[in-house]
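Enquirer: Quick one: the structure is below, and I'll ask about it shortly.
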Amino acid sequence: MLDLLLTGARLPRASDLCDLGVREGRLVAPEPDARQVIHLEGALVTPPLVEPHVHLDAALTVGDPRPNRSGSLFEGIAIWSERVQGLTVEDVKRRAGRVLRWQLAHGVQHVRSHVDVCDPELRALRALIELREEIGDRMELQLVAFPQQGIFSFDGGQDLMRRAVELGVDVVGGIPHYELTRELGVRSVEFAFALAVEHGLRVDIHCDETDDDHSRFVEVMAAETIRLGMAGRVTASHTTAMHSYNNAYADRLIRNLARAGMHVVTNPLDNAVLQGRFDAYPVRRGHTRVRELMSAGVNVCIGHDSVMDPWYPFGCGDPLQAAFVLAHHGHLSGAEDPARLFDMITVNAARALGLEGYGLREGGPASLVVFDAPTEAEALRLLARRRLVLRRGEVVARTEPARTLVAWDGGEEPVDFLP
Ligand SMILES: [Zn+2]
């Protein structure tokens, strides 16, 4: 006897429908005998969504203590440095906890959050470590020690990074393009790698998040990854300067990222509004070279980055929104691209986070997401709601399908936006 039978599921890239059995929290072969049956009628079913890059400590602070009038990255950093003054553990936990619930409702079960550690009291980090404990098995939360003001350009930055690692982060971060000089930027990358190696941690660095084509710290990350044998354990986030590099340099760099076995996280929501701010027309869009990276075999995934904070006032924690925006800015509108965009918010992101046992297969965890749409392309186009989210066989989120009616020819007609 199964605990649950899901009929008529359409898995990613599959044209045929299949049935999925669930017993004791695991996916098993379908059987007719089940305590509960849910008919999915061709709905898309994916493994849990994975959020590889978000800033939970800053989330939901938009307008506090003051609005970002210019919308620029640097005004955002200045506002955040003021907001940090009044931070409390309870304040961070309340906002981060709310966004985690939003993410779970969208089907996200694994989250990597950067946490600003440029605070002598490390309040945000203490809060998120407490939250990581409290959410238990509901979701998986990885924390990155993120030095928003720099490691060598902020008083006590190196010490704060070391203390953050001792408190219990999973990943070491950095922000080399924000250090005072090119040399300090290089040193900050080397510092982050050395700290990660010393404690057996992964690396995820905010790298070259600028339109300055002289910002070239990703090459230092690739060299360190190769030198230290850290293939598969290193992520470069943003890398927007790559948009502006000359093509010969970008080609060599991308081949070296592939050789190093690095992951790249692109953050299309924030970078769509933050990049190109110093340009006269034509204005660069400042996204990293997603298609070229993927063609070279680099693992690319999509991050949401901010959720209503000083840098980005929009968002609701849904990776599908970020994928939708990347489809536009990354010229990913080809027939195969919706499935690739889904890879970038599921399996690719799972690889970057080093998740073990991830994916839909018999014997694996019955953790999955049911979309209110039949295919990846339709889910993306409609930003489809998640009808059902299962974690180890338990329903952890569900959404009632919306029903829309239009007045037409003297009566009312339903509209489902499907062709
Ligand atoms: Zn970020």
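Enquirer: Assuming R0 = 51 Å, can you tell me the calculated FRET efficiency for the pair E121 and E292, based on Cβ-Cβ distance, to the nearest 0.05?
Expert: E between E121 and E292, to the nearest 0.05, is 0.75.
Enquirer: What nm distance separates the two modelled labels at H331 and L17, each placed 7 Å from Cα along Cα→Cβ?
Expert: It works out to 3.9 nm between the two label points.
Enquirer: To the nearest 20 Debye, how big is the dipole of the chain about its Cα centre, given +1 on the beta carbon of each Lys and Arg and -1 on that of each Asp and Glu?
Expert: 380
Enquirer: Further question on the same structure: Let me know the Kirkwood hydrodynamic radius for segment 49-353, please, with Cα pairs as the basis and the value in Å to one decimal.
Expert: With all distinct Cα pairs of segment 49-353 included, I get 18.9 Å.
Enquirer: Follow-up question, since we're still on this one. I'd like the orientation of helix 89-105 relative to the chain: the angle between its Cα long axis and the longest Cα principal axis, in ° from 0 to 90, rounded to 10.
Expert: On a 0 to 90 degree scale, this one is about 40.
Enquirer: Would you mind working out the magnitude of the charge dipole of segment 55-122 relative to its Cα centre, with +1 at each Lys and Arg C-beta and -1 at each Asp and Glu C-beta, to the nearest 20 Debye?
Expert: Taking the Cα centre of segment 55-122 as origin, the dipole is about 360 debye.
Enquirer: Helix 182-199 versus the longest principal axis of the chain: what angle, 0 to 90°, nearest 10, using Cα atoms?
Expert: It is inclined by approximately 60 degrees.
Enquirer: Now a separate question. Output wanted: per-residue J couplings in Hz (rounded whole) for segment 159-167, from phi through Karplus 6.51 cos²θ - 1.76 cosθ + 1.60, θ = phi - 60°, x for Gly and Pro.
Expert: With the stated coefficients, segment 159-167 comes to 5, 5, 4, 5, 5, 5, 5, 5, 5 Hz.
Enquirer: A follow-up question, please. Spin-label point model (7 Å from Cα, Cβ direction): what's the N247 to E412 distance in nm?
Expert: The two pseudo-label positions are separated by 5.7 nm.
Enquirer: Let me ask something else. Between segment 211-257 and segment 281-327, what is the C-alpha centre distance in whole Å?
Expert: If you average the Cα positions of each part, the centres end up 17 Å apart.
Enquirer: With each pseudo-label sitting 7 Å past Cα toward Cβ, what's the E198-R163 distance in nm, one decimal?
Expert: It works out to 1.5 nm between the two label points.
Enquirer: Now a separate question. Using θ = phi - 60° and the Karplus form 6.51 cos²θ - 1.76 cosθ + 1.60, what ³J(HN,Hα) does each residue of segment 262-277 get, whole Hz, x for Gly and Pro?
Expert: So the J values, rounded to whole Hz, are 8, 9, 10, 10, 9, 10, x, 5, 4, 6, 5, 9, 8, 8, x, 6.
Enquirer: Provide E356, E413, E219 in ascending order of the number of other Cβ atoms located within 10 Å of each residue's Cβ, fewest first.
Expert: With the sparsest Cβ surroundings first, the list reads E356, E413, E219.
Enquirer: Can you pull the Rg over Rh of segment 306-387, Cα-only, Kirkwood?
Expert: When Rh is taken as the Kirkwood radius, the ratio is 0.99.
Enquirer: Based on other C-beta atoms within 10 Å, arrange D318, D208, D16, D251 from fewest to most.
Expert: Lowest count first: D16, D251, D318, D208.
Enquirer: Moving on. Among G21, G150, V197, whose Cα sits farthest toward the positive end of the charge dipole of the chain (+1 at Cβ of Lys/Arg, -1 at Cβ of Asp/Glu, about the Cα centre)?
Expert: The one lying farthest along the dipole's positive direction is V197.
Enquirer: Residue by residue through segment 328-337, which ³J(HN,Hα) values in whole Hz follow from phi under the Karplus form 6.51 cos²θ - 1.76 cosθ + 1.60 (θ = phi - 60°), with glycine and proline marked x?
Expert: Rounded to whole hertz, the list is 7, 6, x, 6, 9, 10, x, 4, 7, 5.
Enquirer: Please rank E376, E51, fewest neighbouring Cβ atoms within 10 Å first, as an exposure proxy.
Expert: E376, E51
Values quoted throughout were computed directly from the atomic coordinates according to the rules given, and no laboratory measurement underlies them. Since this is a predicted model, take the numbers as computed values, not measurements. Note that each Cβ is placed from the backbone with ideal geometry, even for glycine, and that neighbours are counted across all protein chains shown.
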